[in-house]
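Notes to accompany the following structure.
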Amino acid sequence: MSSDHRIVVIGGGYTGVFSAIRLAHRTRRIGGVRITLVNPTARFVERLRMHQIAAGQELADHRIPDLLTGTGVSFVEGTVTAIDPGARRITVDDSEALAYDTLVYALGSATDTGRVPGADTHAFTLDSPRTAGRLSARLTEVAASGGTVTVCGGGLTGIEAATEIAESHPGLRVTLISLDEPGSMMGAKARAYLHRALDRLGVTVESGARVTKVLPDAVELADGRLVRSDACLWTTGVKVSPLASDAGIATDDRGLVLVDATLRSVSHPEIHAIGDAAAVRLAWGRLHGTCQSGLPTAQYTADTIARLVRGKAVKPFRFGYFHQPVSLGRRDAVIQFTKPDETPRSLHLTGRSAVVYKETVSGSPLTTYRFSKRMNVTTIVSKGGRATRGPVA
């Protein structure tokens, strides 16, 4: 590769910021490497904490330029509106053009409210501080009249949101609606603890229920029942930006960038996709969008690009899950430790020790960024052992 090498990272979420900072550190002794990070806003969004904003809490306002201070990474505030892989160029806000030799595609994902009628117009999401803030304001209004809030989706985000809201607004009636049993991915003991916490907080669980329509004041279920809803939070299903598929970059049926074993686009190897935007398959199965797996993809990709710039060979990406940390309000939590393929182990944490563990996990990205300016901090707790040494599933 040329000694004058332009690296552009698009997306300033957990993975994009980490990849840019680590890239700067790993290439600091290589002359001519220029790194630019592009994101629509200068605020760094802690997606792991959006349910806290919804519950009425204030979070620190972290700024991406501040996180990049001292790295030499340039920041461009703007929305990427097009990618031209042939010319190796991106367009920002339909006007400014940025050329690249290597592109890191880290655009992440957003809640998909388009699959169920009414969700896009009548439901709130936790996609940003702005949308979480709108829900917070609505919850304050609803709580004053003792109304009902529905949380659609019994995954980790839905569970955390339902418990956080119930704890912060004890006058609200909170209903968690889920197709699967909340905590179904956990072991029996951790799942039982989770359900006791839901009961303690007064959260009503509608398990095995599928939402077919979101109305202004209710949620309609597949069996015809209407569940009153003065405010509806939608946490089920995700979608990704169409930028990659629109640009002719190979994607799967969900729009995720198809990557090889080194997380490079199978159609355009100068493009590296990380986090929620990448369709990553390992021997045990497919990664799904979490910070736990996203940061390792960013770390690996930064190291891979640094090696490629130096003309060195790279090894395939390996990763295994190791935990499922779930907050249950500010004063309780449950941590389920897992095998690499995310099936539960017998070990789990609950109560105060789990609260401390979860808070450490939620705050770890910012700590990682700070130390990564000076040293190679690893976010890969497990490479999966034997589970990741076989052929791709």
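The values are calculated or read from the model by the stated rules, or taken from the named source; none is laboratory data. Predicted model only: the values in this text are computed from it and were never measured. So basically every Cβ, Gly included, is an ideal-geometry build from the backbone, and we count neighbours across all protein chains shown. Surface accessibility is based on the protein's heavy atoms, side chains included, excluding ligands, DNA and RNA. Shrake-Rupley method; radii C 1.70, N 1.55, O 1.52, S 1.80 Å.
Taking each residue of segment 110-125 that is in contact (Cβ under 8 Å) with a residue 12 or more places away in the chain and looking for partners that are in a helix (DSSP H, G or I) and of a type outside the set (Lys, Arg) with beta-carbon atoms closer than 7 Å, six or more apart or interchain, yields THR113/ALA119; THR113/ASP120; GLY114/ASP120; PHE124/THR131; PHE124/LEU135; THR125/THR131. Scan segment 108-129 for residues that are touching a strand residue (DSSP E or B) at 6+ places or on another chain (Cβ under 6 Å) and assigned to a loop (DSSP other than H, G, I, E, B) and the total you get is 7. Taking segment 160-237 as the region of interest, the strands (runs of 3 or more DSSP E) fully inside it that hold 1 or more residues being touching a residue at least 24 places away in the same chain (Cβ under 8 Å) and open to solvent by 60 Å² or more (accessible area, probe 1.4 Å) are 173-178, 204-207, 211-214, 226-228. Here the condition is being on the phi < 0 side of the Ramachandran plot, out of contact with any strand residue (DSSP E or B) (no Cβ under 6 Å at 6 or more places or on another chain) and not β-branched (Val, Ile, Thr); of GLY154, GLY133, GLY158, GLY187, it holds for GLY133 alone.
Filter segment 132-151 down to the residues that are among the polar types (S, T, N, Q), modelled with pLDDT of 95 or more and not in a helix (DSSP H, G or I) and list them by number.
The first filter runs over segment 132-151 and keeps only residues among the polar types (S, T, N, Q), leaving 136, 140, 145, 148, 150.
Filter once more, keeping what is modelled with pLDDT of 95 or more: 136, 140, 148, 150.
Listed by number, the residues that qualify are THR148, THR150.
Of SER293, SER362, SER372, all but one fail to be of a type in the set (Ser, Thr, Tyr), touching a helix residue (DSSP H, G or I) at 6+ places or on another chain (Cβ under 6 Å), at negative phi and crowded, with 22+ Cβ neighbours inside 10 Å; the exception is SER372.
Please state which one of LEU67, LEU48, LEU23 is part of a helix (DSSP H, G or I) and open to solvent by less than 20 Å² (accessible area, probe 1.4 Å). Break it down stepwise before answering.
On the way: LEU67 fails: open to solvent by less than 20 Å² (accessible area, probe 1.4 Å); LEU48 fails: open to solvent by less than 20 Å² (accessible area, probe 1.4 Å).
Criteria check complete, one pass: LEU23.
Of the residues making up segment 314-350, those that are among the hydrophobic types (A, V, I, L, M, F, W, C), in a strand (DSSP E or B) and under 18 Å from ILE159 (Cα atoms) number 6.
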